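To start, the structure under review is shown below, and the notes come after it.
Any read-out appearing in this document is the output of simple, stated calculations on the displayed coordinates, not a laboratory observation. Just so you know, these numbers come straight off a predicted model, no measurement behind them. Positions of Cβ are generated from backbone atoms using ideal geometry, with glycine treated the same way; all protein chains shown enter the neighbour counts.
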Amino acid sequence: MQISSKLIVGTYGIRNFLPPKRVALVGASEQPFSVGRALMENLIKWGGILYPVNPNHAEIFGRKSYPTIKDVPSSIDLAIIATPAITVPQIIEDCVHASVKGAVIISAGFKEIGEAGRLLEQKVVEIARRGGLRIIGPNCVGIMLPSVQFNGTFLPQMPKVGHIAFLSQSGALGAAVLDWSLSRDIGFSAFFSLGSLADVDWGDILFYLAEDHLTRVILIYMESIGDPASFLSAARQLNFQKPILVLKAGRSKEGSQAALSHTGSMTGSDAVLDAAFLRTGVLRVDSFSEFFSLASFFSQRPLPLGPKLAILTNAGGAGVLATDKLVLTGGKLAELSEATIRKLDAFLPPAWSHANPVDILGDADVERYRKALEILLEEENADGLLVILTKQAMTKPKETAQEVALLAKHYSKPLLCCWMGGESVSESRRILEKEGIPTFDFPEEAAQSFSFGWLHRKNFSAIYETPILVSSSEEILKAKKNTQELLSKLKEKNLTLLTEYQSKEILRFYGIGVNETFLAKNEQEAVSIAEEIGYPVVAKLNSTKISHKSDVGGVILGISDKASLEKAFRKIRENTIKHASESAFEGVSIQRMISEKGIELILGGTTDPQFGPVMLFGSGGMFVEIYKDNALALPPLTTALSSILINRTKIAKAFHGFRGIPPVDIRKLNETLVRFSELLVYETRIKEIDINPLLVYGSMVIALDARIVPHSFTIDESTIRPPAIRPYPLEYIWKERLLDGTSVLIRPIRPEDEPLMIEFHKGLSQESVYYRYFQNLSFEERVDHLRLSRICFSDYNIEIVLVAQILVADQPREIIGVGRLGKYHGFEGAEFAIIIQDQWQHKGLGTLLLRKLKEIGLKEKLAWIIGRMLPLNESMKKIADKEGFVVYFDESSQEYIAELDLRKMDSRTGANE
């Protein structure tokens with residue numbers, strides 16, 4: 001029996017009701033200066049089907065008014081609610097009863113007023129979720145979709161149609177931005193005022209905008225991030241196509257809480273948010289001026305391919321200001337070629353600057369600007385061009401702007417303009433902006449926008465640089481097993497702190513280098529150990545009660561003989577009793593003194609209440625909290641991401657070698673950071689970790705000291721905040737055999753697989769490609785780095801891509817098949833797709849891959865899976881039919897559809913019930 005189409009078409013996403021065709025306005029009114037009237041007037045201008053709802057009026061603005069939304073005689077896409085907060089729960093009940101798809105709650109009086117409001121908001125959301133109704137708000141201004149002239153707000157004016165989508169939690173600031181856009185002739189593709197994010201969050205809106213062809217850049221004014229995983233997943237997917245700029249309020253450190261470890265005391269929610277933005281390619285700005293400047297640039301011109309900017313100006317001072325800002329924000333001045341200098345020399349006055357910035361002097365007329373611009377537009381050493389004009393005696397701002405606008409039509413690189421002044425250059429600015437040329441009031445704004453555009457592209461490229469594989473799945477699984485065994489032994493004691501020895505054992509499980517550490521319960525054992533490993537040695541307090549051993553005199557270095565060691569043992573014991581208690585002394589650890597004077601680093605991890613595990617790297621040693629040279633990242637990392645983390649610290653400059661210290665083996669350090677990130681995401685029972693110092697000297701990277709703080713063993717592990725970025729799903733790895741006996745490994749794809757995927761595509765015929773992608777794609781198109789990055793850097797929350805590798809002597813080799821299960825945002829289901837190299841077809845691999853995708857669907861708690869097939873793809877149709885899918889021909893798409901209702905399957909066996 002076919003699955004009812006409404007189960008597949010029905011969605012819990014906002015595309016289900018946007019843009020709306022039928023709208024009900026609850027709280028519609030004719031009362032002057034009321035929100036209900038302002039909304040009504042705006043919606044009448046929209047011209048769609050509108051139903052006023054107000055029990056106190058039979059008619060509003062000549063339209064029949066209905067007592068409740070249940071009385072409306074037609075289905076409703078969107079309800080806009082502008083009534084007192086106390087009435088909203090019943091209205092939402094009515095919306096659910098009437099099968100309304102979405103609601104915008106304009107009303108205030110919810111969690112922003114305190115506990116009573118919070119409970120009221122919670123009640124509203126519970127009612128909506130029971131009925132499958134999505135809510136935007138409450139306490140918001142509403143939404144605008146200028147391309148369809150939909151103004152579902154109480155704001156008086158609609159912005160022009162453009163390419164900027166603006167999302168705001170603040171209604172007042174949203175209104176100010178829209179008003180600003182009218183004065184600058186800036187257009188918007190959408191405006192969403194989200195209020196308190198009670199239901200629909202940033203991720204929902206971003207996924208919606210990902211499919212909006214008008215939107216080129218997204219601006220977000222954010223007061224809280226809501227669901228971090230939802231935002232990060234959406235941002236990662238969207239940033240492949242459209243830049244996201246965020247102005248986030250609240251950079252202060254007030255509210256940071258002291259933590260047990262160094263790492264905890266140096267991480268705060270705002271710093272973690274910065275790390276999250278960096279990881280996903282989101283660009284954070286600090287002011288509204290940056291917000292507007294960057295919005296104009298990002299939405300109207302291509303982003304720079306490099307950092308080098310050429311500057312054309314008629315005022316030397318303006319050029320200097322632009323240069324300073326350019327260099328300070330990460331850009332560079334383009335070095336003009338000799339050919340360009342000669343061409344400029346041929347017509348410019350002798351006093352011109354003869355360098356970049358190209359100062360063509362204060363008496364420059366339109367013709368001088370035009371000639372100089374034509375030459376600079378051909379400068380191959382420049383990645384973009386900034387044209388600055390200050391109004392002087394010979395200057396003609398309007399005519400110059402017209403010439404720039406004409407020449408810009410043939411320029412493919414970023415072109416920015418700065419016409420300095422007020423009313424006298426306002427018409428000129430409009431000419432440039434009308435032609436899609438970003439225009440700025442001041443040269444510093446323009447230069448910074450160029451730099452930020454380049455840094456955004458550079459960071460994005462670095463994030464998706466093909467990494468090197470560090471740990472195999474088998475190594476991680478073994479490390480997890482060993483760690484769980486160790487922690488289970490400690491669970492009985494309910495320890496709140498692991499000893500250095502125990503902490504280093506866990507590090508060693510995950511392949512992180514540690515110096516050998518031996519435990520001594522008494523002086524005799526300490527001497528025996530030291531004589532075996534050789535003097536000089538280090539003696540450290542072993543304790544599950546004291547975190548920072550140095551604070552209580554629990555570390556003694558450079559012990560060179562038996563007498564000194566016996567004395568050190570006694571001293572550590574006395575210090576511990578003095579500063580803590582006798583029970584805090586649990587012996588002394590003995591380690592060989594490291595003679596190499598390398599660089600001391602810190603590597604740490606902590607659990608953020610919103611983002612889960614967070615990783616810290618930077619300068620270490622005893623002054624770690626004084627220097628505060630560190631950077632944060634969200635694990636898990638790849639080698640490419642670890643390089644970004646390392647290079648964000650000042651200490652990284654020392655890794656090239658200095659003052660007799662050899663260069664650091666960066667590859668080895670990267671591997672250590674990647675392994676540490678794996679520990680953080682797979683051992684969520686661990687609350688905090690410090691490795692301080694992590695000593696690096698040449699190829700040596702070892703943890704000299706370590707402490708681990710577990711979450712209380714009385715806490716249910718399911719309540720611990722998981723990683724915001726889902727780690728590699730080790731649970732989806734299988735070893736299977738094909739029909740001809742070939743052994744294969746089936747596992748999720750990972751970022752390091754790009755080279756293997758390139759080889760995989762070499763084994764595909766055009767017929768196989770056409771059957772999979774429903775179009776002819778050349779080999780070059782299929783192996784394009786950006787395209788493969790989107791596949792290999794899979795977001796496991798959104799899709800699971802399986803690869804099948806041949807096993808030779810139990811070692812994985814080339815990829816011969818790929819299966820994808822992509823979740824539909826807002827749906828309960830997913831779509832599958834499979835492609836297999838031609839020489840490996842008809843050997844049972846397609847069946848194996850589909851079977852595994854079904855199993856994943858069950859474990860991911862999906863309701864259904866569908867697949868789409870071309871009519872000639874007989875093999876795939878047979879496989880789907882054999883695996884229990886309902887296969888039928890869809891007339892509208894001229895494709896075969898395979899559907900499987902997972903709710904009717906046994907979650908343990910995968911068989912139909």
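For GLU112 and MET622, a Förster radius of 51 Å and the Cβ-Cβ distance give a FRET efficiency of 0.65, rounded to the nearest 0.05.
Residue pairs exceeding 26 angstrom between C-alpha atoms, taken from LYS242/LYS391; LYS540/LYS597; LYS480/LYS571: LYS242/LYS391; LYS480/LYS571. Between the residues MET876, SER893, HIS785, the greatest Cα displacement towards the positive end of the dipole of the stretch 730-904, with unit charges on the Cβ of Lys, Arg, Asp and Glu, is found for MET876.
Go ahead and run the numbers for FRET between ASN56 and LYS123, Cβ-Cβ distance against an R0 of 22 Å, rounding to 0.05.
After rounding, the FRET efficiency stands at 0.35.
Computed packing ranks the peptides 219-232, 49-62 as 219-232, 49-62, most packed first, by mean other Cβ atoms within 10 Å. Relative contact order of the chain: 8 percent, from C-alpha pairs under 8 Å at least 6 residues apart in sequence.
With a ≥ b ≥ c taken as the square roots of the eigenvalues of the C-alpha gyration tensor of the stretch 42-83, please select rounded if a/c is under 1.5 and otherwise prolate if a/b is larger than b/c or oblate if it is not? Rounded, since a/c falls under 1.5. Using the structure shown, list the pairs from LYS160/LYS409; LYS70/LYS854; LYS45/LYS101; LYS101/LYS861 with a Cα-Cα distance above 32 Å, or answer none. In this structure, LYS70/LYS854 exceed 32 Å between Cα atoms. What residue among ILE577, VAL555, PHE760 has its Cα farthest toward the positive end of the dipole of the chain, where the charges are +1 on Lys, Arg and -1 on Asp, Glu, each on the Cβ? Going by the Cα projections, it comes out as ILE577.
Mind running the shape call on the stretch 642-754? Use the C-alpha gyration tensor, a ≥ b ≥ c as the square roots of the eigenvalues: rounded below 1.5 for a/c, prolate if a/b tops b/c, oblate otherwise. Oblate.
Full extension of the chain between ALA339 and SER224 yields a length gain of 36.1 nm, computed as 0.36 nm times the residue separation minus the alpha carbon distance. Checking every one of the trypsin sites (Lys or Arg not before Pro) in the stretch 659-758 against DSSP loop status and a limit of 10 other Cβ atoms within 10 Å picks out ARG659.
For the stretch 432-448, putting each phi into the Karplus relation 6.51 cos²θ - 1.76 cosθ + 1.60 with θ = phi - 60° gives couplings of 5, 5, 5, 8, x, 9, x, 10, 10, 6, 10, x, 5, 4, 5, 4, 5 Hz, in residue order, rounded to whole numbers and with x for Gly and Pro. Look at the dipole of the stretch 255-405 built from charges on Cβ: of LEU303, LEU336, TYR369, the Cα furthest out on the positive end belongs to LEU303.
Taking a ≥ b ≥ c as the square roots of the eigenvalues of the alpha carbon gyration tensor, the stretch 730-904 is rounded, as a/c is under 1.5. Per-residue ellipticity at 222 nm computed for the chain from its helices equals -10500 deg cm²/dmol, with DSSP H segments shorter than 4 residues left out and the rest contributing -39,500 (n - 2.57). Using only side-chain charges placed at the Cβ, +1 for Lys and Arg and -1 for Asp and Glu, the dipole size of the stretch 730-904 relative to its Cα centre rounds to 480 debye.
With both labels modelled 7 Å from their Cα along Cα-to-Cβ, the SER426 to ALA355 distance reads 3.9 nm. Each of GLU780 and ARG508 was given a label point 7 Å from its Cα along the Cα-to-Cβ line. The distance between the two points is 5.5 nm.
Quick one: net charge around ALA276, please, counting Lys, Arg +1 and Asp, Glu -1 for every other residue with C-beta under 11 Å from its C-beta.
My count for the surroundings of ALA276 gives +1.
Compared with the alpha-carbon gap, the fully stretched path from ARG903 to ILE533 is longer by 127.0 nm at 0.36 nm per residue.
I'd like the antiparallel share, as a percent to the nearest 5, of DSSP beta bridges with both residues in the stretch 9-215.
Details: 8 of 31 bridges.
Of all bridge pairs located within the stretch 9-215, approximately 25 percent are antiparallel.
With neighbour counts taken as other beta-carbon atoms within 10 Å, the residues LEU321, LEU78, LEU872 rank, fewest first, as LEU872, LEU321, LEU78.
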